[in-house]
1. Please enumerate the residues belonging to segment B:298-313 that are away from ligand 2 (no atom under 16 Å from the Cβ) and in a helix (DSSP H, G or I).
2. Could you tell me whether B:F155 is surrounded by 23 or more Cβ atoms within 10 Å (Cβ to Cβ), more than 16 Å from ligand 3 (Cβ to nearest atom) and within 14 Å of chain A (Cβ to nearest Cβ)?
3. What are the pairs with Cβ atoms under 8 angstrom where one residue, in segment B:325-351, is open to solvent by 50 Å² or more (accessible area, probe 1.4 Å) and among the β-branched types (V, I, T) and the other, located anywhere, is more than 16 Å from ligand 2 (Cβ to nearest atom) and in a helix (DSSP H, G or I)? Sequence gap at least six, or different chains.
4. Given the structure, is A:G251 buried (at least 16 other Cβ atoms within 10 Å of the Cβ), free of Cβ contacts under 8 Å to residues at least 60 places away in the same chain and more than 30 Å from A:E190 (Cα to Cα)?
5. Answer yes if at least one residue in segment B:62-85 is at pLDDT below 90 and open to solvent by 40 Å² or more (accessible area, probe 1.4 Å), and no otherwise.
6. Determine which member of the set A:V65, A:V69, A:V139 is in contact with a Leu (Cβ under 9 Å, 6 or more places away or on another chain), more than 8 Å from chain B (Cβ to nearest Cβ) and more than 25 Å from B:T408 (Cβ to Cβ).
7. What number of residues within segment B:115-129 are open to solvent by less than 50 Å² (accessible area, probe 1.4 Å) and either in a helix (DSSP H, G or I) or within 16 Å of ligand 2 (Cβ to nearest atom) (or both)?
8. If we scan segment B:193-203, do we find a residue that is open to solvent by less than 10 Å² (accessible area, probe 1.4 Å), without any contact (Cβ under 8 Å) to a residue 60 or more places away in the chain and more than 16 Å from ligand 2 (Cβ to nearest atom)?
Amino acid sequence: MLYVVIVYLWAAILLYLLLGGADFGAGIIEFFTSRRNRSRTRRTMYQAIGPVWEANHMWLIITIVILFVGFPKIYTTMSVYLHIPLTAMLLGIIARGTAFVFRNYDAVKDDLQKLYSRIFVYSSVITPFFLGIIAASTVSGSVDPAAEDFLSAYVFSWLNWFSVTVGFFTVSICGFLAAAFIIGETNNEEDRGFFTRKAKWMLAAAVACGVLVFTAAYMQGVPLVEWIFGKPGGILAISLASLSLPFLWYGLEKGKTVLIRLAAGFEVTMILFAATYRHFPNIVLLKGGGYLSLLEHQGQDKTIDALAWALLLGSIFILPALFYLLYSFEKKRPVR
Amino acid sequence: MDDFLAARSQMALSLGFHIIFACIGMVMPFFMAVSHYKWLRTGDEVYKQVTKAWSKGVAIFFATGAVSGTVLSFELGLLWPVFMEHAGPIFGMPFSLEGTAFFIEAIALGFFLYGWDRFNRWFHWVTGVVVGVSGLVSGILVVAANAWMNSPAGFDYVNGQYLNIDPMKAMFNNAWFSQALHMSVAAFVATGFAVAGIHALMMLKGKNIAFHARAFRIAAIFGAVAALLQPLSGDISAKDVAKRQPAKLAAMEAHFHTEEKAPLIIGGIVDEKNGKVDYALRIPGMLSFLAHGNFTAEVTGLDQVPVENRPPIAVTHYAFQVMVGLGMALVLVSLLYFIALWKKKSWLQGRWLLKLFVIATPMGFIAVEAGWTVTEVGRQPWIIHGIMRTADAVTPMPGIVYSFYIFTAVYISLSLIVAFLLYRQIKMVDKLYN
Ligand code: HDD
Ligand code: HEM
Ligand code: HEM
């Protein structure tokens, strides 16, 4: 049953990265769009994310619940040492979620719209940035349970070049996912060209940030290269990701929307796989070689069993409903 | 302010904020479902407008509720890591089931809000009901988790170790039923009177009577029925507290000395130092009856509780008085409304009844906040009753005060914006539906 829980944990993280990420990305694209084009960006994106955006963020909550029920030691270690970036991310989530809804549901459309938009756009960039920082900090060995002073316990646990570059990388990946997903939602040539350009641009940014991540890892002594290329599985994942790039580019050139979405999703899945595979089951690596493992720091058996059953039963209800939701809003024709 | 106090205040602030949105998220879908049903059955367009206007309000509340809830699930760890490390695996069951309930709620809300004219009408109606039912289920589940903190169950506590964990037993602890029942009814009371009050105000201003009268009636009936049930459910809660947390009951009632035929104390000023209540009204034997169903039963007083295990008495007592006082006021308004509906139709034409409803607008929510203050402050100094102290559970990170200031500023601004948006929404009713 422990493995059921672990699979759900991984899947929830992946889905949050893909769906929640694309959702953040919508704001990131808006951020990098000239003022002239903003209203168009907004219209298309709102149509695309409106009905499902509430559901996207449930994956984060599922992740947190799995962590605190199943792996309390991991949840509390992160909460204590990464308090500051977690709080920053929470403030981002509050600002973004509320600004999005205020923008769409304010009964009067006046100058306040500009304020909502500004808040939405900035928090869309900041939130995934801190998410990236948090993810990187769990594995970069910067969390130090033996630290004595405030700075090394609560600030340098996450403030370092490696984490910051991973933050930028996450932002660019989210932007890329949003552009890639939205291409299929456009209904005219001009919009399609616009988002295709954005997707290419974001992909290039992601590759550039990726290079920065490796550089920072090297400078900081994080054995990133060894993690990713140290085992056949990692090499395979990275090769597949690289091999899918030409397909992605082809899809973008020819406007093949399904291919673009599949390739983009696949790309990100492989990156997450490569990043987590080598040091599995240790998901938090501490300073001085300590670690927290999914196979050693879990709750008691009965808890894990109950959690696994709750997740399995939950999926029976959720997945069909979720697919139906996505499906019905995909076919735009009103059915009556 | 020290960090411990800051952590407690931040938790209380976040929960006090979240509960308002949670209540509305649990209850409004039922109001909408009734109005939606009436439109589908009678074809009366005004009911459709009511449903649509309400659903816009709900979208705003839902999003604010969802983000504040997300914040809470992190805050449990950010502020109380020691508590979560031990409690997470024990009381986590309701939270893992709640995930499903939230998810279904979010999916159904997507269908409901964006589904006008897209789906079969009855399918669309059912998605609205599903939003309400899953919201109610999630409310019940979280309250079961909170009940576990009052009435820990499902594990053996041996030498500081938590052994033989049984998550199902933990979820169905002794307090879950009384608390979940009382909370669910409270959500209907609070939301019902708040919504009815706003529509009553608009009727008094003579705006859009057809629209507001229909909306008022739905909300008022829900709220009034719930208000009449609430004292019954509160009585169950009180008897339950008397059994499981005598110290909390004693603090609620400011009952300092263990005695038989204990009097019920109403009003008065609590003097914690000298262990007495000045200027209060006393009804002899009533407390014994309320707590144990017998006018002569002995009620444990605070003198039986070691000083270091006593909750803050004044806060708990005043909060309890506020809740019960408001509860009784709402019972009165509800009775008058039902008399008007059944016997004295002429009262419905008068303005005074509507004015009463306007005055009652915030009462339910104030009672909810007071009730939670009773439950949570009355549990102190324990975070897990009798097992772990709140002071031992707090995060080691210094500087929580700043985090408290930031969150206070955020929540205050959010409340102002939501109030402002709601005001605009209501003002627009004139333009849209006249
Ligand atoms: C509209 C709101 C409202 C109203 C009118 C009342 N209550 Fe209440 N009460 C709540 C809203 C509430 C609450 C906020 O929902 C609480 C907090 C925890 C809980 O489960 O419910 C609560 C808690 C609570 C508790 C503590 C339960 C515990 O710690 O486990 C008791 C003993 C009562 N109530 C009793 C009453 C009585 C005798 C009332 C008589 C009128 C009453 N309440 C009216
Ligand atoms: C939503 C309604 C709730 C409100 C308004 C509320 C209110 C409060 C208040 C006033 C405090 C501060 C008590 C003090 O420090 O003296 C508090 C503390 C706390 N509450 Fe609640 N509470 C609610 C529900 C819950 C639920 C459902 C849970 C958990 C499942 C919970 C967990 C806690 C924790 C962990 C603390 C901090 C430790 C403590 O002071 O005991 N609360 N809450
Ligand atoms: C008595 C206290 C509580 C009640 C009755 C309650 C009930 C609810 C309800 C009905 C919702 C749906 C939101 C809406 O419809 O507007 C909600 C949202 C949420 N609550 Fe609470 N809640 C309580 C306390 C808590 C606590 C202590 C936590 C965290 C541990 C929490 C976590 C959440 C989360 C994560 C959401 C967002 C889910 C979504 O996106 O739909 N809640 N809550």
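The values are calculated or read from the model by the stated rules, or taken from the named source; none is laboratory data. These numbers were taken from a predicted model, which means no experiment stands behind them. Cβ: placed from backbone, ideal geometry, glycine included. Neighbour counts: every protein chain shown. Ligands, DNA and RNA are stripped out before the accessible areas are found, and what is left, the full protein with its side chains, is counted by its heavy atoms. Shrake-Rupley method; radii C 1.70, N 1.55, O 1.52, S 1.80 Å.
1. The answer is B:L302, B:D303, B:Q304, B:V307.
2. On the way: surrounded by 23 or more Cβ atoms within 10 Å (Cβ to Cβ): yes; more than 16 Å from ligand 3 (Cβ to nearest atom): yes; within 14 Å of chain A (Cβ to nearest Cβ): yes.
Taking the combined requirement at face value, the residue satisfies it.
3. Going by the 8 Å Cβ cut-off, the qualifying pairs are B:I339/B:W347.
4. no
5. Checked segment B:62-85: at least one residue is at pLDDT below 90 and open to solvent by 40 Å² or more (accessible area, probe 1.4 Å).
6. Details: A:V65 fails: more than 8 Å from chain B (Cβ to nearest Cβ); A:V69 fails: more than 8 Å from chain B (Cβ to nearest Cβ).
Exactly one of A:V65, A:V69, A:V139 is in contact with a Leu (Cβ under 9 Å, 6 or more places away or on another chain), more than 8 Å from chain B (Cβ to nearest Cβ) and more than 25 Å from B:T408 (Cβ to Cβ), namely A:V139.
7. Of the residues in segment B:115-129, the ones open to solvent by less than 50 Å² (accessible area, probe 1.4 Å) are B:115-116, B:119, B:124, B:127-129.
From what's left, either in a helix (DSSP H, G or I) or within 16 Å of ligand 2 (Cβ to nearest atom) (or both): B:124, B:127-129.
Residues meeting the conditions: 4.
8. Restricting attention to segment B:193-203, the residues satisfying the condition of being open to solvent by less than 10 Å² (accessible area, probe 1.4 Å) are B:193, B:196-197, B:200.
Now drop any that are not without any contact (Cβ under 8 Å) to a residue 60 or more places away in the chain, which leaves none.
Looking for residues that are open to solvent by less than 10 Å² (accessible area, probe 1.4 Å), without any contact (Cβ under 8 Å) to a residue 60 or more places away in the chain and more than 16 Å from ligand 2 (Cβ to nearest atom), one finds none in segment B:193-203, hence no.
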